Each structure stands twice: as C-alpha cells, then as structure tokens.
Amino acid sequence: MHIPESLQDLADSEAVQFLKRPKTIARIFAGVFSLIAFSSLLTDGYQNKTNSSQLHCVLSSNNAGCSFAVGAGLLAFLSCLAFLALDAHEGLITSSRFKTAFQLLDFILAALWAGIWFVGFCFLANQWQHSLPRQFLLGSSSVKAAITFAFFSILVWILQAYLALQDLRNDAPVPYKRSLDDGSVVVTSLSPLSATSPVNTPTTGPHSLSYTSSALSPHLTTPKAPRLTMMPDT
C-alpha cells in the first residue's frame, strides 16, 4: 500500500515523533487517569443522605477520602501537563547541568507520585469497603472508577520513574578531561627499552612534563681502584 507523500511527511514530523515517545505516552496516560480519578469524585463523590440535605462524601461519609482523591488527581494532572510542556521544549535546553537536574526532578516526582497513588488506592479501597451499601442513592460507580484508575496510576507513574531513570543514566555527563590546550601537565608513560634503541627520548612540548629514561652505556663502567705494586729492594 503506497502512502501519500503528505501523510508520510506528517508521520515524520516532529510533533508525531514527540507523541510516539514512550515517555510522552506515559505522561498522557497518567494525566488521563488522574483526570478520571478526581473528576469522578468531584461530580458524584459528594451527596446527601436520604434523611438529610447536607452533603457527605460517599466514601463512608469521610470527607478526607474525597478531598484526597480530588486534590491528588488535580495536582497529578497539572504535573503531567507541566512536564509535557517541558518535554516539548527539551531540545532548547543546552546546559547539561540543567538537563541533568530536570531528569533528576522528573525521576523524583514520578517515584513520589507512585507512592502517593499507592497510599491513595489503599485508603480509598478501605473507605469504600467500610461504606454502607445503601447509604447513598448514587456515587457507587464514580467511586469504583476512582479506585480503579488510582490503581492504574500507580503502574503508569512507576513506568515514568523507570523511563526517567533510563534517561538519567544514558545522558550522564562525561567526566571532565584536561587537555594540553588547558595548560595541564601530561605525564607520558614509560615504554620498556629495547636492545636496538638504548636511549628513549620522548617528544616534549611547552605544556607537558615528560620523563626520559636511558640505558647505561656498556662503556660507562664503575672506575676501578688503582692497584698497588711491590718494588724490588735494591
């Protein structure tokens, strides 16, 4: 099947390539899961009982459960949007230190959000388990959706932490190497002497310090002490 040139150009564009990145896909899924988690409880999470007009959280009438899910979901959604915007302008980052700091921050926040959603999932599931089945007329489906997508958020944030760690390892700064242009001292390694070249004189430069080694000439020997001779008696 022949792909038209216009569609091929669209597939090769920077926007499509950006959306196809695993990190971008993980952020989009994390944002969608967070949006579902807090919007479901924000709309149907607060209801009144049959004998009262006061609004209560459908999670065992514990307002902390709904507030936690709504607050965490909203902040996680905004975090995903912020990091998506930073990823889109990642090519403009020229400083290696700033790029490393950004990747480290990405890893820390992803691991932190994975822990927050784990605690949130356990808390929401526990509160829903202790809720009376017929205490509220509506809201059961919204609570189940929030609990389900809170569990999915744990997995997707763990994936983001793993991808951020991989980027941090792959883009680690190269150790600083001092060269002759910086005026540093370079020590040359000594090579073993051969029988054909008794003297090894390496090339020296204005900014280098070298060590020369030479073999002792066979003609240069230790001077011998003068011998005493006995003269005959006359």
Practice prompt. Rank these residues by their accessible area, most exposed first, probe 1.4 Å: Glu14, Glu90.
Written response: Glu14, Glu90
Worksheet item: Given the Cα-Cα distance of Lys20 and Arg97 and 0.36 nm per residue of separation, how much length would full extension add, in nm?
Response: 25.1 nm
Worksheet, complete the sentence: Pseudo-spin-label distance Leu42 to Ser60, built 7 Å along Cα→Cβ, given in nm, is 2.6 nm
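What do you reckon, how do Phe83, Phe118, Phe77, Phe152 stack up by accessible area (1.4 Å probe), largest on top?
On the way: Phe83 15, Phe118 115, Phe77 50, Phe152 80 Å².
From most exposed to least exposed: Phe118, Phe152, Phe77, Phe83.
How much FRET efficiency would the formula 1/(1 + (r/R0)^6) give for Leu165 and Ala125, where r is the Cβ-Cβ distance and R0 is 30 Å, rounded to 0.05? Please report the intermediate quantities before stating the final value.
On the way: r = 28 Å, r/R0 = 0.95.
The calculated FRET efficiency here is 0.60.
The values are calculated or read from the model by the stated rules, or taken from the named source; none is laboratory data. The structure presented is a predicted model; accordingly, all values stated were derived computationally and were not measured. Counting neighbours? That spans all protein chains shown, and the Cβs are built from the backbone with ideal geometry, glycine included. Each accessible area value is taken on the protein alone, full model and side chains, heavy atoms only, with ligands, DNA and RNA left out. Shrake-Rupley method; radii C 1.70, N 1.55, O 1.52, S 1.80 Å.
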